[in-house]
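These notes are about the structure you will find just below.
The values are calculated or read from the model by the stated rules, or taken from the named source; none is laboratory data. Nothing here was measured: the structure is a model prediction, and the numbers come from that model. Here Cβ is always computed from backbone atoms with ideal geometry, including for glycine, and neighbour counts include all displayed protein chains. These accessible areas exclude ligands, DNA and RNA; they are computed on the full protein's heavy atoms, side chains included. Shrake-Rupley method; radii C 1.70, N 1.55, O 1.52, S 1.80 Å.
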Amino acid sequence: MFNDAVAARKHAHAEGLPHPSTAALSKALITAAKCTPERAWLGEVSAVVLQQALADADRAYQNFFASLKGKRAGARMGPPRFKRRVGAQSIRFTRNAKFSVLDNGRLRLPKIGDMRVVWSRELPSAPSSVTVVKTPTGKYYASFVVAVDDGADLLEPLAAPEAETGIDLGLKDFAVLRGGKVIENPKFFRRLERKLGKSQRVLARKAKGSANRAKARIRVAKVHERIKDARSDWVDKQVKTIVAENQGIYVEDLNVKGLSRGGHAKSMHDASFGMFLVRLESKAARAGRTFARVDRFFPSTRLCSLCGVLDGPSGIEGLKVRSWVCGCGAVHDRDQNAEINIRREGRRLVAEGHSDTRNASGQDVRPGRPGRPGNTREGQNEEPTRSGTAQAAPEPGTTVLLRR
Ligand SMILES: [Zn+2]
């Protein structure tokens, strides 16, 4: 349906016709198409699911137009492309579709039936929509959008400025917090990356179109899934601790997209930064913590936190320096010094009232990717360089596992 909508709009554009409205597309691509033998199968699913796909295509075009006009934050984006059947597949039911959670705990989906559900938690309120996702490994997840009480996740306030920390993200250690507290890179980063490489090499050797290739592809997907789950769990744990222990949290706004160095694909480590920052911001906001991103050009490493002179290590060579001595006589651990500077700068930004006021980019059109059971649905917002502001963070949802 999404591809039909893109095709219709491409066609209209090529013929110099006006951009067809979603209502017109709905008539042509759903109502009329159902009567043709080629598209008769569209009648097998709820029409709401089809309309949601049209709405997604429309949103993708609106985002594209906004980007063309420079009204959308983030990198310039191209026009919507055809979706290929790779990765996760998903459908979304809204209230119009009359899906319901039954008293016996099953999820009733129109034209599909009553599904058994492994509930990871109780829904806090009636869901406004549910997205059903089939992962590449064949698991089904249901992700609900629910309204939550604003204060539901609020934590008891801690005394600032004692309970405040800067966060210096790095390569050697994942992060350095106040007082030199280190969050180490977990060992599974490397281990799972090796495993992924191995399964990908096996896949590359299988003949195209063979049954063994299909099997190998599922194996790769399974490793990807494990990586995602492990990373997600680990990041959640770090975020939870930091938010619990600090009233003020200040981080360097890294250009995560540009972090990948020297020919390496985006590593698990780099991908974790993006997820970490997005979740930290969102959790801090919900817990009532102060959060600010310090501009990534702020010289947190070069600045002497004692005398304020720009005398610290810089450039490629500077990356190797672990400690340095300032002209004022201060001896600095590179990362601890950076943390102090980030914390100070973050506090200043908050005091002056211009912390983190970036516009949220347009609504994401990708359907919700499933988190693990029990995780909130932040997958939608994991584009690392452009997360929404705390206020614009997506409403947390609930993801549960469907059992066939
Ligand atoms: Zn100094």
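Data table
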{"quantity": "Heavy-atom accessible area per residue - segment 1-84, 1.4 Å, Å²", "calculated": "60"}
{"quantity": "Surface per residue (accessible, 1.4 Å probe) for segment 85-148, Å²", "calculated": "56"}
{"quantity": "Protection proxy ranking, peptides 32-38, 345-351, average beta carbon neighbours within 10 Å, highest first", "calculated": "345-351, 32-38"}
{"quantity": "Out-of-range pairs (alpha-carbon distance over 21 Å; input Lys10/Lys83; Lys10/Lys134; Lys111/Lys134; Lys10/Lys69)", "calculated": "Lys10/Lys134"}
{"quantity": "Highest to lowest packing among 287-295, 275-283, 214-222, scored as the average C-beta count within 10 Å", "calculated": "275-283, 287-295, 214-222"}
{"quantity": "Within the accessible area of segment 1-84 (1.4 Å probe), percent carbon and sulfur", "calculated": "58"}
{"quantity": "Cα Rg, Dmax, segment 85-148, angstrom units", "calculated": "11.9, 35"}
{"quantity": "Compactness of segment 1-84 - radius of gyration and Dmax, Cα, Å", "calculated": "13.8, 43"}
{"quantity": "Segment 85-148 - percent of accessible surface contributed by carbon and sulfur, probe 1.4 Å", "calculated": "48"}
